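Below is one structure, written out as structure tokens, with a few remarks after it.
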Amino acid sequence: MNALAATNRNFKLAARLLRLDSKLEKSLLIPFREIKVECTIPKDDGSLVSYVGFRVQHDNARGPMKGGIRYHPEVDPDEVNALAQLMTWKTAVANIPYGGAKGGIGCDPAELSISELERLTRVFTQKIHDLIGTHIDVPAPDMGTGPQTMAWILDEYSKFHGYSPAVVTGKPIDLGGSLGRDAATGRGVLFATEALLNEYGKTVSGQRFVIQGFGNVGSWAAQLISEKGGKVVAVSDVTGAIKNSKGIDIPSLLKHSREHKGLKGFHGADPVDPNSILVEDCDVLVPAALGGVINRENANEIKAKFIIEAANHPTDPEADEILKKKGVVILPDIYANSGGVIVSYFEWVQNIQGFMWDEEKVNNELKTYMTKGFKDVKDMCKTHECDLRMGAFTLAVNRVARATILRGWEA
């Protein structure tokens with residue numbers, strides 16, 4: 001099942017639990033606006049080339065729309081729709097005043113020079129500048145984009161609208177980016193894990209963790225978990241997978257990964273088959289890479305008692321059912337990986353106020369939001385007698401539905 005089908009399925013199950021009116025249910029699924037633009041730029045050799053840029057703006061009942069911009073050769077409209085919708089639910093679970101959006105450009109950033117990427121970003125911004133804005137739609141980085149991309153969007157947008165630092169988040173610190181943003185998703189994963197384990201009378205310390213994916217989210221999660229006394233026994237990335245049942249020395253691994261552009265060749269652990277990483281023996285499994293990795297083929301083999309979804313949509317619905325029968329507790333992505341969008345919200349707030357916070361305040365506020373978010377999800381689980389995924393979806397859909405009704409938008 002692809003990401004869109006799975007997201008729609010979860011939404012429909014939540015709508016049923018909430019007994020939503022069928023017209024309202026239908027209107028909540030339809031995107032507010034889908035934008036598609038042609039972006040033609042001169043390449044460095046003088047030849048002209050065209051790319052397709054797009055933005056799906058899903059819902060703005062609770063506030064401006066929020067979501068990443070990705071540069072990737074295979075940008076699938078269905079996936080972007082699903083991710084825009086997922087952002088609507090994620091911001092609602094976190095209780096931050098945003099709706100959802102997603103967008104990008106169908107290009108391979110590895111094949112473009114820095115100056116070509118800059119020209120492409122500026123042309124894209126020129127085409128959509130009237131449709132984004134501090135109180136309309138606030139983009140952020142995603143696959144293939146980063147702080148520099150956001151800096152170009154900010155600059156180009158500001159030519160039309162005056163200096164507007166709050167039009168994008170994930171900016172460089174020197175242009176109004178927030179301290180703590182880089183670690184935010186990984187730190188949110190730690191706070192989410194602590195909240196869940198606390199329910200079961202456990203702490204991070206002494207638990208055995210397996211982390212699939214060692215990019216920004218996975219590496220920060222590994223570092224913060226090990227600092228709290230968690231034992232990381234296996235890790236994987238695109239270069240391979242490693243295991244050490246006594247616990248991997250994470251500071252050494254981070255150093256190795258930076259120097260060698262990956263985990264491969266690390267001496268403090270034994271190499272293992274990357275495909276077996278998800279079924280290694282552990283207490284807590286953290287998928288922090290791609291979607292759809294936990295499926296009916298491997299769900300029966302999973303030994304973890306808890307799964308923390310740091311990636312978007314890592315568990316497909318069939319695997320969900322198998323794991324539920326096995327008694328595995330899954331903390332869903334729309335809550336577990338919301339640390340990034342919460343700190344993006346803090347960045348936006350700081351930009352609007354023109355007053356920046358220190359890192360300690362950012363981290364403390366993030367912990368407050370993540371802890372409160374978990375309590376809200378648990379309350380919905382009790383009300384509707386459902387698992388954590390449905391608890392999070394009913395919480396989100398209910399908040400968006402209530403805002404939609406209060407604004408007089410229901411059909």
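Search the structure for amide H atoms under 5 Å from the amide H of Cys107, placed 1.01 Å from N in the peptide plane, and list their residues when 5 or more places away or on another chain.
Correct list: His72.
Less than 13 Å Cβ to Cβ from Glu360, Lys/Arg counted +1 and Asp/Glu -1: what total charge do the surrounding residues give?
Numbers: positive: Arg187, Lys361, Lys367; negative: Asp358, Glu359, Glu365.
That sum, taken over residues with Cβ under 13 Å, equals 0.
Output needed for the range 224-279: three equivalent-ellipsoid semi-axes, defined as square roots of 5 times the C-alpha gyration tensor eigenvalues, in descending order, whole Å.
16, 15, 9
So, taking all protein chains as they sit and a 1.4 Å probe, how much accessible area belongs to Lys264, in Å² rounded to tens?
Counting only protein heavy atoms, Lys264 exposes about 140 Å² to solvent.
Over the range 268-358, what number does the Rg to Rh ratio reach, with both radii from the alpha-carbon atoms and Rh per Kirkwood?
1.14
Of the DSSP beta bridges with both residues in the chain, give the percent that are antiparallel, rounding to the nearest 5.
Values: 24 of 49 bridges.
Rounded to the nearest five, the antiparallel share is 50 percent.
Taking only Cα atoms and a 10 Å spring cutoff, compute GNM fluctuations for the chain and point out the largest among Trp348, Trp357, Trp89.
Looking only at Trp348, Trp357, Trp89, the biggest GNM fluctuation is shown by Trp357.
List the residues whose amide H sits under 5 Å from the amide H of Lys66, counting only those 5 or more places along or on another chain, with H placed 1.01 Å from N in the peptide plane.
Those qualifying (amide H under 5 Å, at least 5 residues apart or on another chain) are Gly99, Gly100, Ala101, Val138.
For the range 113-129, what does the Karplus curve 6.51 cos²θ - 1.76 cosθ + 1.60, with θ = phi - 60°, yield as ³J(HN,Hα) per residue in whole Hz, taken in order and with x for Gly and Pro?
The phi angles translate into 6, 4, 5, 5, 4, 5, 4, 4, 4, 5, 5, 4, 5, 4, 6, 10, 4 Hz.
Beyond 25 Å between alpha-carbons counts as too far, so tell me which of Lys202/Lys246; Lys102/Lys326; Lys243/Lys324; Lys66/Lys264; Lys12/Lys102 fall in that bin.
Exceeds cut-off: Lys102/Lys326; Lys243/Lys324; Lys66/Lys264.
What order do you get for 65-76, 43-54 when each peptide is scored by the mean count of other beta carbon atoms within 10 Å, highest first?
65-76, 43-54
Over the chain, give the accessible area per residue in Å² for a 1.4 Å probe, as an integer.
It amounts to 43 Å² per residue over the chain.
Packing-wise, with mean Cβ within 10 Å as the measure, how do 154-165, 227-238, 373-384 rank, highest first?
227-238, 373-384, 154-165
May I ask you to give the percent of accessible area on the range 167-245 that is carbon plus sulfur, with a probe radius of 1.4 Å?
Here carbon and sulfur together make up 47 percent of the probe-accessible area.
Heavy atoms only, probe 1.4 Å: what % of the accessible area of the range 1-127 goes to carbon and sulfur, would you let me know?
The C+S portion of the solvent-accessible surface of the range 1-127 is 51 percent.
Once neighbouring chains are kept in place and the probe is 1.4 Å, which whole percent of the accessible area of the range 299-354 is contributed by carbon and sulfur? Write out the running numbers ahead of the final one.
On the way: 840 of 1720 Å².
Roughly 49 percent, rounded to a whole number.
What nm distance separates the two modelled labels at His161 and Ser276, each placed 7 Å from Cα along Cα→Cβ?
Between His161 and Ser276, the label points sit 5.3 nm apart.
For Val37, which sequence-distant residues (separation of 5 or more, or a different chain) have an amide H within less than 5 Å of its own amide H, given hydrogens modelled in the peptide plane?
Answer set, sorted by chain and number: Gly53, Phe54.
Go through the range 238-250 residue by residue and turn each phi into a ³J(HN,Hα) via Karplus (6.51, -1.76, 1.60, θ = phi - 60°); whole Hz please, and just put x for glycine and proline.
Per-residue couplings from phi come out as 5, 8, x, 9, 9, 8, 8, 5, 7, x, 7, 6, 5 Hz.
From the backbone phi of the range 207-214, what are the Karplus-calculated ³J(HN,Hα) couplings (6.51 cos²θ - 1.76 cosθ + 1.60, θ = phi - 60°) in whole Hz, Gly and Pro given as x?
Once rounded to whole Hz, the list reads 7, 9, 10, 10, 10, 9, x, 10.
The values are calculated or read from the model by the stated rules, or taken from the named source; none is laboratory data. These figures come from a predicted structure and were not determined experimentally. All Cβ positions, even for glycine, are placed from backbone atoms using ideal geometry, and neighbour counts span all protein chains on display. Ligands, DNA and RNA are excluded from the accessible area calculation, which covers all protein heavy atoms including side chains. Shrake-Rupley method; radii C 1.70, N 1.55, O 1.52, S 1.80 Å.
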